Amino acid sequence: MKKIDLHIHTVSTRSDRAFTFCLDTFKRYVRDTKLDAVAVTNHDVFDAAQFRQIQEALGIVVFPGIEVNVEKGHVLIIARPDNIDEFDRKAALVSKQILKIGDKVSVEELIQIFGGLQGYLVIPHYDKGPAIAGETLEKLRRYVAAGEVDSAKKFVRNVNDPVKLTPVLFSDARMMIDLERLPTRQTYVDCGTLTIEALKACLQDKAKVALSERDGNRLWQVFDDGQKLSTGLNVLMGPRSSGKTYTLNKISKSVKSVKYIEQFSLVQRDEAVYEREFKSDVERRRSAFVDQHLAGFKRVLDEVMRIDLASNEREVGSYMETLVRSAEEADRRDAFSNATLFDEVEFPIGNTETLQALINSVRQVIENLVFRPIIEKYVELAALKRLARELIELLWKTLLEIEKKRTVNSLVKEIKQGLKVRTAAVQVNDVDLYAIAMDQRRVHRFSEIVEHLKKESVVFQDTLQGFRIEARKQAYTGAMEIKHASGTKQAFSDAFRKYDSPYEYLRELMQNENLQRAELYKLFIKISYRILNKDGYEVSGGERSEFRLLQEISDAQNYDLLLIDEPESSFDNLFLKREVNQILKRISETMPVIVVTHNNTVAASASADYVLYTRKELIDGVSRYRIFAGYPGDKKLLSVDGKEINTHQTLMDSLEAGADTYDQRRQSYEAVKDQ
């Protein structure tokens, strides 16, 4: 197995943070991590002189490369190390196109610059930001050797998914002066000679890539001293003050995306404060549901906000008044008032929103590459293209008609005003009675919708390890509830008096300039949450803490690593075994989990994949923490510097307070056991 890191930066560019390159750091990194090959891949530039210096100094295979800003992401282009001058010329063409932040190279331009990409190692950001996806990835796919990820979790996930690209984990590190910690993200490849051709062939087979040399994808390196963790469930043990929390903190700093549940962080303290925090946390986590449930109502509200019934009523009144006066003063009609355009009404102007949305939908179906095989089973793309053309032609025609009407309306309005000042006759004010009638109908329908939404009912249910989360909708019962929902310090007494008249209530809310109009929909319907236990009752104080722990663990799926510090400090054994262990084991199947514990219920029944033990030692008068690790079935636990301890004795001391105590307790249990 060869250890490689093909994503390393040595030049500070406009697309990068400032740093000063240090060749000694690079040499130390290669030496201490025992790398077999590296690639220099700076953002949109290649420094041939520097590369030759690095190549000569490292004594391993060094590939020339460049990280290019392409459409919607980054891609590594890695070349053979035997023709640096040619690669330098091609990379310079990329540099000429990337002159400022935000500049990009299209896939077509990239292929043209490098004369096709068949002879290069092409590795896009894949499960790593900024990731290449969609159409851009499809254009590159036939050249792509592997996809770069940024964590052990994502590496394993992509290895196990037959649809995904072969993953590679690289450091993306800056070789700078005084680098605090050496990178730990590298990939092992089952490859003979390290050439571009051999690597391309190797990376086509997921079985030939791994996170560790001897343990495959079961272990991954977390510290620069070589310490590894399981990609599944790790149990970390040790005496008090032996470095367990120190180790967790160190792990937390070594990995970017970490969910860290600290000891006692979820334990109930002040009852009232804790309950408020609990409810606020539940509401925050499910705010997306509120938005989704009320999305249709929000669209209705946005439309009704544009309606001003009072203004409409004034327009109708003015129309009726001028109509009556015009009839009463018919004898004042003259040549100007008898002109055809004197009482002409303007053309109604429609909109093209529906037509444009339809065109965009058809275009999305045509341009979709991911689901094209399914689309082509039911729809001919040629027919869709004809449909798109016809819809676009109709849009152009409609837009032309709208522009004509606007031009005519402008002329009619100008002529009517000119005629009006030349006659004593009354001009009937123009009004769109149909539009006004539709506004009234919309307001009426809006009121019906609001009244329907106010009816109390359960609108959402979810379960979590025996708990049930329930969301209810209902009407607000007072101004204080509306104030809380608004998140402001505004008074809502006046507005609440009109709450039973939805349109009047809306107009009152719109008078408040401190309220964001986009958020007004939340002030019509109250969404409240309840957490119920397995018996259907609202949770007690202790159950709230249990639910929060399960919720925090469940949320960890959005992170790359989960750390939990001594859950037994806050929860009883039955809950830990029945609920926590189950969810931990399930999550550890998709991501690394580290649990610190002294509790045999957690350590033993959770079926750990890897065991770690910390010990405080005095070395040359200085306190040091040493970590011993191994699989649960190993006879010995080993440290990275070759020290070892007995696994059985360690487990007994850590989890059972020693073998004698364990035997005594077991005998006590046997004595009271039913015969």
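The values are calculated or read from the model by the stated rules, or taken from the named source; none is laboratory data. Small disclaimer: the values here were computed from a predicted structure and weren't measured. Here the Cβ is made from the backbone with ideal geometry for all residues, glycine too, and neighbour counts use every protein chain on show.
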Per the filter on region 407-440, residues in a helix (DSSP H, G or I) and either of a type in the set (Gly, Ala, Ser) or outside the structural domain of SER337 (by TED's automatic domain parsing) (or both) are SER410, GLY418, LEU433, TYR434, ALA435, ILE436, ALA437, MET438, ASP439, GLN440
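Do the conditions hold for ARG80, that is, is it in contact (Cβ under 8 Å) with a residue 40 or more places away in the chain, closer than 23 Å to ASP224 by Cβ and either in contact with a Cys (Cβ under 7 Å, 6 or more places away or on another chain) or assigned by TED's automatic domain parsing to the domain that holds LEU199 (or both)? Show your work before the answer.
Working: in contact (Cβ under 8 Å) with a residue 40 or more places away in the chain: yes; closer than 23 Å to ASP224 by Cβ: no; either in contact with a Cys (Cβ under 7 Å, 6 or more places away or on another chain) or assigned by TED's automatic domain parsing to the domain that holds LEU199 (or both): yes.
Taking the combined requirement at face value, the residue does not satisfy it.
Given the residues ASP190, ASP225, which is the only one that is surrounded by fewer than 19 Cβ atoms within 10 Å (Cβ to Cβ), out of contact with any Ser or Thr (no Cβ under 8 Å at 6 or more places or on another chain), over 29 Å from ASP16 (Cβ atoms) and not assigned by TED's automatic domain parsing to the domain that holds GLN582? Give the derivation first.
Numbers: ASP225 fails: over 29 Å from ASP16 (Cβ atoms).
Exactly one of ASP190, ASP225 is surrounded by fewer than 19 Cβ atoms within 10 Å (Cβ to Cβ), out of contact with any Ser or Thr (no Cβ under 8 Å at 6 or more places or on another chain), over 29 Å from ASP16 (Cβ atoms) and not assigned by TED's automatic domain parsing to the domain that holds GLN582, namely ASP190.
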Q.
Take the conditions of a type in the set (A, V, I, L, M, F, W, C), out of contact with any Ser or Thr (no Cβ under 9 Å at 6 or more places or on another chain) and surrounded by 12 or more Cβ atoms within 10 Å (Cβ to Cβ) and apply them to LEU395. Does it pass?
A. no
Among ASP47, ASP32, ASP16, the single one that is out of contact with any helix residue (DSSP H, G or I) (no Cβ under 8 Å at 6 or more places or on another chain), free of Cβ contacts under 8 Å to residues at least 40 places away in the same chain and not hydroxyl-bearing (Ser, Thr, Tyr) is ASP47
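Inspect region 63-85 for any residue being of a type in the set (S, T, N, Q) and either buried (at least 17 other Cβ atoms within 10 Å of the Cβ) or in contact with an Asp or Glu (Cβ under 8 Å, 6 or more places away or on another chain) (or both) and give the result as yes or no.
Within region 63-85, the subset of a type in the set (S, T, N, Q) is 69, 83.
Within this subset, residues satisfying the condition of being either buried (at least 17 other Cβ atoms within 10 Å of the Cβ) or in contact with an Asp or Glu (Cβ under 8 Å, 6 or more places away or on another chain) (or both) are 69.
Yes, region 63-85 contains at least one residue that is of a type in the set (S, T, N, Q) and either buried (at least 17 other Cβ atoms within 10 Å of the Cβ) or in contact with an Asp or Glu (Cβ under 8 Å, 6 or more places away or on another chain) (or both).
Every residue, every condition in (1) more than 20 Å from PHE114 (Cβ to Cβ); (2) assigned to a strand (DSSP E or B); (3) of a type outside the set (Asp, Glu), yes or no:
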| position | (1), (2), (3) |
| --- | --- |
| HIS7 | no, yes, yes |
| VAL11 | no, no, yes |
| ALA18 | yes, no, yes |
| ASP24 | yes, no, no |
| ARG28 | yes, no, yes |
| LEU35 | yes, no, yes |
| THR41 | no, yes, yes |
| GLN50 | yes, no, yes |
| GLU56 | yes, no, no |
**Asked** So is GLU543 of a type in the set (D, E, K, R), at pLDDT below 90, surrounded by 14 or more Cβ atoms within 10 Å (Cβ to Cβ) and within 26 Å of ILE251 (Cα to Cα) or not?
**Response** no
Just one listed residue, out of LEU117, LEU121, LEU93, is under 19 Å from ILE66 (Cβ atoms), surrounded by fewer than 20 Cβ atoms within 10 Å (Cβ to Cβ) and modelled with pLDDT of 95 or more, and it is LEU93
Check: In this structure, is SER361 among the hydroxyl-bearing types (Ser, Thr, Tyr), over 30 Å from TYR503 (Cβ atoms) and either not assigned by TED's automatic domain parsing to the domain that holds GLN417 or not in a helix (DSSP H, G or I) (or both)?
Finding: no
Picking from THR136, THR166, the residue that is polar (S, T, N, Q), under 25 Å from ASN368 (Cβ atoms) and at pLDDT 95 or above would be THR166
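Look at ASP24 and say whether it is charged (D, E, K, R), surrounded by 19 or more Cβ atoms within 10 Å (Cβ to Cβ) and assigned by TED's automatic domain parsing to the domain that holds ALA173.
Values: charged (D, E, K, R): yes; surrounded by 19 or more Cβ atoms within 10 Å (Cβ to Cβ): no; assigned by TED's automatic domain parsing to the domain that holds ALA173: yes.
No; evaluated as a whole, the condition is false for this residue.
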When (1) at pLDDT below 90; (2) closer than 30 Å to SER326 by Cα are applied to LYS377, the one that fails is (2)
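Looking at region 661-668, can you tell me whether even one residue there is surrounded by fewer than 18 Cβ atoms within 10 Å (Cβ to Cβ), at pLDDT 75 or above, out of contact with any Phe, Trp or Tyr (no Cβ under 8 Å at 6 or more places or on another chain) and not in a strand (DSSP E or B)? Please lay out each step first, then the result.
Our first condition is that a residue be surrounded by fewer than 18 Cβ atoms within 10 Å (Cβ to Cβ); within region 661-668, this holds for 661-668.
Retained after the next criterion (residues that are at pLDDT 75 or above): none.
No, region 661-668 contains no residue that is surrounded by fewer than 18 Cβ atoms within 10 Å (Cβ to Cβ), at pLDDT 75 or above, out of contact with any Phe, Trp or Tyr (no Cβ under 8 Å at 6 or more places or on another chain) and not in a strand (DSSP E or B).
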Expected single match for modelled with pLDDT of 85 or more, in contact with a helix residue (DSSP H, G or I) (Cβ under 7 Å, 6 or more places away or on another chain), of a type in the set (Phe, Trp, Tyr) and assigned to a helix (DSSP H, G or I) among PHE278, PHE297 is PHE297
If we ask which residues in region 211-245 are modelled with pLDDT under 90 and of a type in the set (Phe, Trp, Tyr), their number turns out to be 0
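Can you list the strands (runs of 3 or more DSSP E) lying wholly within region 457-540 that have 3 or more residues being free of Cβ contacts under 8 Å to residues at least 24 places away in the same chain? Break it down into steps so the answer makes sense when it comes.
Working: elements: 457-464, 467-474, 526-532.
Ranges flagged: 457-464.
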Might you check whether a residue that is part of a strand (DSSP E or B), more than 27 Å from the chain's Cα centre (by Cα), of a type in the set (Phe, Trp, Tyr) and in the same structural domain as ALA145 (by TED's automatic domain parsing) occurs anywhere in region 86-106? no
